[in-house]
Structures are given as structure tokens and as C-alpha cells.
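The values are calculated or read from the model by the stated rules, or taken from the named source; none is laboratory data. Predicted model, so just to flag it, every value in this text is computed and none were measured. So basically every Cβ, Gly included, is an ideal-geometry build from the backbone, and we count neighbours across all protein chains shown.
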């Protein structure tokens, strides 16, 4: 059993109050309008929700990964677009700079990122480098003290908002060498392309990026040259914890909606929550959510203790993504015809859930990671 500290409970409560007070009232509207909620994200930064796991030296909260997972869970319980905006910024955007950057890079970039004054992105995925993450085709050639970058990235979160600061990308810096490079928003030759039309996460920013001779200073290399593969694998391991927290939060939110509706909806003279078929669905979801929550918290706690957490994070990601899809499906079923109507939040939850089995490593990739860890 996890006994949360007072600090962790305070962060959990802060995130819950923010989600219920600031996000819930606009969640349906921003989804319908496909509008990035910049003011809400700025408010999250002002409240300290954008840098929870990072040290106070760089403007973070210094509260660790478990506290961060608690916050992401609370946000996704209400709206996944806001949840993924903060999760991608923190786990994928900020982490590589925090973990691998030199002191100059940290001092220059992190205070704006941990405060939420700027959003940061992580550019790994390409047309041929998704699940096969090492198959990077974007190139970076060192010429006269600058890296010349050519290539494209796809499915990148947070790169096109008005507060986007830049992106950290993986690129081939040699025939058998992958490195990570910092590319700031105003870099010549760096083009932020039009956003995708998506099934869900309508209020988050997702789009392709293009690099046509984009040039950045040699010192924008992140960490040691040729260490990019190991850096992004470590980044993805940690990112799976936040996506797992999103899965738990979405599943819990779907269950909350289903239970509330089942208590109100009457059929054959009584609330449908009194029917055994509905009770069985609610009971199974409640049980599975609690198990998935504990698995996610375990992964976060292992990371906080500096222990190996990759296997547990992959297990959590696999479990919570599938559970989120099932919970949303059952919530729609319990709502009946109203579950298919956009005015009811479960419809949005249903559309938002599927990506949790794909992003941050597909279910099939998680199975591969788990099998390898088991020695299979």
C-alpha cells in the first residue's frame, strides 16, 4: 500500500481542484472548437503544475515522479487534452534537457519550462521511425560551428502553440550515430506545419515538423555526441509513467461518469444502478482501476528511489491503455444512446482513450519490452 506524503497529497489536491475548477467548465467547448486552451495552460504553470518532478534549483517543485503522476491522473480524470499537454511538456520536452543538458542549457531553458512560461516538445517519431525508434532519417551535419538539420518529424505535441519555445530532436550526426539537438522556435529553416485532424485530444496541439537546412549552434548538442539513442530510450521509459497515469485518470473519470448516470437513469421503475448487469460492469472497472493505479504508482516510486523501473513502467503502460479503452467503452454502454451524443463527456472520453494504446510506444512495443525484460 502506498502512503502518500503530505506534500504529495497537497499536489494531488491542487491538481484536482484545478481540473474541477478550471478545466471541467471548458472541456466540452475546447474539444468542440478544437482550441488549444493557452490561458488554462498558463494558469497551470503559475500554480506549479508544469515542473513538479524537477529540482527547485531550476524552478521546479522538487516533488518527484509519484507526485507528478498523481497530478496527471487528476487532470486526465477530467480532460485528456490538457493532461497530455502537461505530460508531454514535462516528461518528453523538459526531461531530456534536465537529465542530459549542460549547466548553460539548463540555466537558459529550464526556468521557462518548469514555470510553464514556455512549452517544449520532443521530436523522435518520423515516417520510418515510430516503433522502430532507432531508424531515424533526419540528419544533422556539423558545418563551420553549426549543425545543419534536414528531415521531418511527425505526431509532435506542443510545437505549434503561441507559447511553444522549441523542440529537442533526434538526428543522425554520423552513419551509425544518433544525437539529440536543441532547436528553438525561431530557428531559420525550422517549419512548424499545420496541425493534424485527430480522432481525439482535440484541444491539444499535434503536428508535423520540417527541417530544411535548419541551422543551430554546435553547442545545441544535448549531452554527448552519439548518445541520442540511449537518451531517448531513457526519456521514453519515464514518459510511460505519465501516460500510465493518464490511462488511470481517464478510466477513473469514465467510471465516475458512468456511476453518476446509472444512479440517475431509471428503467423499469428504479435506477439502472440497481440492476446486476450494471453493477457487474462498475465493480469490475473499479477493481481493475485500483490495480492499474497501484502498478503506476509502483513504477513512479521505483523511479523516485533510483531503482530500475523500465519493466514496471512498460507493464503499467500496457495495462492502463487497454483499461482506459475498456472503461470508456463500458461508460458509453451504460449511458446507452446518450453515450453516443457529444454533449455527454463519455463520448469525448471514448474518442480520447484509444491513443493511450498507441502513443509513447504501442501495446505491441510494450509487450516486446516486457518479454525482453523477462528474458524471453
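Tell me the residue from 283, 251, 258 that is loosely packed, with under 13 Cβ neighbours inside 10 Å, assigned to a helix (DSSP H, G or I) and at pLDDT 95 or above, please.
Working: 251 fails: loosely packed, with under 13 Cβ neighbours inside 10 Å; 258 fails: loosely packed, with under 13 Cβ neighbours inside 10 Å.
Criteria check complete, one pass: 283.
For every residue, the table says whether it meets (1) within 15 Å of the chain's Cα centre (by Cα); (2) closer than 29 Å to residue 99 by Cα.
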site: 233; (1), (2): no, yes
site: 248; (1), (2): yes, yes
site: 256; (1), (2): no, no
site: 260; (1), (2): no, no
site: 268; (1), (2): no, no
site: 282; (1), (2): no, no
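Out of 115, 179, one residue alone is surrounded by 16 or more Cβ atoms within 10 Å (Cβ to Cβ), over 22 Å from the mean Cα position of the chain (by Cα) and more than 17 Å from residue 212 (Cα to Cα). It is 179.
If you go through the range 343-358 and keep only what is under 17 Å from residue 196 (Cβ atoms), surrounded by fewer than 21 Cβ atoms within 10 Å (Cβ to Cβ) and touching a helix residue (DSSP H, G or I) at 6+ places or on another chain (Cβ under 7 Å), you end up with just 354. Take residue 234 and tell me if it is in contact (Cβ under 8 Å) with a residue 24 or more places away in the chain, part of a helix (DSSP H, G or I) and not assigned by TED's automatic domain parsing to the domain that holds residue 300. Judged against the criteria, residue 234 is not a match.
If you check residue 310 against the conditions, is it touching a residue at least 24 places away in the same chain (Cβ under 8 Å), surrounded by fewer than 22 Cβ atoms within 10 Å (Cβ to Cβ) and either on the phi < 0 side of the Ramachandran plot or outside the structural domain of residue 344 (by TED's automatic domain parsing) (or both)? Answer is yes for this residue.
Does residue 365 satisfy being in contact (Cβ under 8 Å) with a residue 12 or more places away in the chain, out of contact with any strand residue (DSSP E or B) (no Cβ under 9 Å at 6 or more places or on another chain), in a helix (DSSP H, G or I) and farther than 16 Å from residue 250 by Cα? Working first, answer last.
Details: in contact (Cβ under 8 Å) with a residue 12 or more places away in the chain: yes; out of contact with any strand residue (DSSP E or B) (no Cβ under 9 Å at 6 or more places or on another chain): yes; in a helix (DSSP H, G or I): yes; farther than 16 Å from residue 250 by Cα: yes.
Spelling it out, residue 365 is indeed in contact (Cβ under 8 Å) with a residue 12 or more places away in the chain, out of contact with any strand residue (DSSP E or B) (no Cβ under 9 Å at 6 or more places or on another chain), in a helix (DSSP H, G or I) and farther than 16 Å from residue 250 by Cα.
So which of 85, 65 ends up being in a helix (DSSP H, G or I), within 23 Å of residue 195 (Cα to Cα), in contact (Cβ under 8 Å) with a residue 24 or more places away in the chain and not assigned by TED's automatic domain parsing to the domain that holds residue 207?
Values: 65 fails: within 23 Å of residue 195 (Cα to Cα).
The conditions single out 85.
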